[in-house]
Amino acid sequence: MLGYKENHEKKQLNIHARTLKAFFFAVALCLLPFGAQAIELKGALTQGGYVYGKAPAGSEVYLEGKRLKTDANGNFFAGLNRHFTTVGELKIKPPKGEAETHTFMVTPQDYPVQHIKGVSNKHVNPDPKQVERSRKEAAAIRKSRSFFTEEPAAFNRFVLPIKGYPVSGVYGSSRTYNGEERSWHKGLDLAAPSGTPIYAPADGIVRAALADTFFNGNIIVLDHGYGLFSIYAHLRHMAVTEGTKIRQGDVLGEVGTTGRSTGPHLHWGLYWHNIALDPKLFLTDNERNEL
Ligand SMILES: [Zn+2]
């Protein structure tokens, strides 16, 4: 939500360096014995991260007792929410034979508090008409993230949508606006001048390109497959429309400051359906080092 050259930047960067360090202690891969074979669990096994793997084809897969969608080959993917339990439980029930339950470690994260000032009062305490409008817009955005597309998703091969700009807001921080407590921050803010081109960090399909929404301004939702989505908010200009197939590196639009924003920046969010995840955990090591 913070703009270009905000004085919070330096502080945020320090916070960011801390959370980045925590990530490297996260287990990136673990092997679960499964009958005679092993199930390979991959991903960023940390709060705000994700897990994926392959069960025997036709298996039922459950995470914390909740059934996951799988493709025909048994591939599955799941996001780990901001306060996900530090011991995850995965149950796999193959088409023949007994179900097996395994646990895996999830690294906890330390989330900062961020105080944002100078937000217009209508965005902190919206009137009933604006509340109704934003409720409808939120429903449309949620709906755009309800797809399960069986496309090869590049879970850990994302690149930055804009490069060389400072981080002005991190995932997971709780926030106050003009001193009043509001919901936590569900993405990564990169402060860049208005008009900076935004590039697709991975292949996908545009599921929504909504103009002039109350909180997010112009917002794009990309579907990366297996229930993984990314969003781009506060855009000045959108260069894509709903249904467009996107390749990594395609131009999505331009940085702006539309919606609830105090200055030009890109709000970049990653979601497993409606569960917000930490975008930096999807970047390649090289890209993460550029943050
Ligand atoms: Zn943001």
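The values are calculated or read from the model by the stated rules, or taken from the named source; none is laboratory data. From a predicted model like this one, the values you see are computed outputs, not experimental measurements. Note: ideal-geometry Cβ built from the backbone for every residue, glycine included; neighbour counts use all protein chains shown. Please note that ligands, DNA and RNA were not included when accessible areas were found on the heavy atoms of the full protein model with its side chains. Shrake-Rupley method; radii C 1.70, N 1.55, O 1.52, S 1.80 Å.
If you go through segment 163-195 and pick out every residue that is open to solvent by 60 Å² or more (accessible area, probe 1.4 Å), touching a residue at least 24 places away in the same chain (Cβ under 8 Å) and away from the ligand (no atom under 14 Å from the Cβ), you end up with 5. Criterion applied to Arg133, Arg67 was being out of contact with any Ser or Thr (no Cβ under 7 Å at 6 or more places or on another chain), open to solvent by 20 Å² or more (accessible area, probe 1.4 Å) and in a helix (DSSP H, G or I), and the one residue passing it is Arg133.
If you check Lys117 against the conditions, is it open to solvent by 80 Å² or more (accessible area, probe 1.4 Å), within 16 Å of the ligand (Cβ to nearest atom) and among the charged types (D, E, K, R)? Show your work before the answer.
Numbers: open to solvent by 80 Å² or more (accessible area, probe 1.4 Å): yes; within 16 Å of the ligand (Cβ to nearest atom): yes; among the charged types (D, E, K, R): yes.
So Lys117 passes the test.
If the condition is being within 16 Å of the ligand (Cβ to nearest atom), surrounded by 23 or more Cβ atoms within 10 Å (Cβ to Cβ) and without any contact (Cβ under 8 Å) to a residue 60 or more places away in the chain, then segment 198-229 contributes only Ile220. Residues of segment 39-64 that are part of a loop (DSSP other than H, G, I, E, B), modelled with pLDDT of 95 or more and closer than 14 Å to Ile92 by Cβ: Glu64 alone. Quick one: which residue in Ala36, Ala99, Ala140 is at pLDDT 95 or above and open to solvent by 40 Å² or more (accessible area, probe 1.4 Å)? One residue alone meets the criteria, Ala140. For segment 260-277, a residue qualifies if it is open to solvent by 10 Å² or more (accessible area, probe 1.4 Å), in contact with a helix residue (DSSP H, G or I) (Cβ under 8 Å, 6 or more places away or on another chain) and within 16 Å of the ligand (Cβ to nearest atom), and exactly one does: Arg260.
Looking only at segment 143-154, how many residues end up being closer than 12 Å to Leu210 by Cβ and open to solvent by 40 Å² or more (accessible area, probe 1.4 Å)?
Of segment 143-154, the ones closer than 12 Å to Leu210 by Cβ are 143-144.
From what's left, open to solvent by 40 Å² or more (accessible area, probe 1.4 Å): 143.
The qualifying residues number 1.
Scanning segment 184-218 for residues that are in a strand (DSSP E or B) and among the hydroxyl-bearing types (Ser, Thr, Tyr) yields Tyr199, Thr213.
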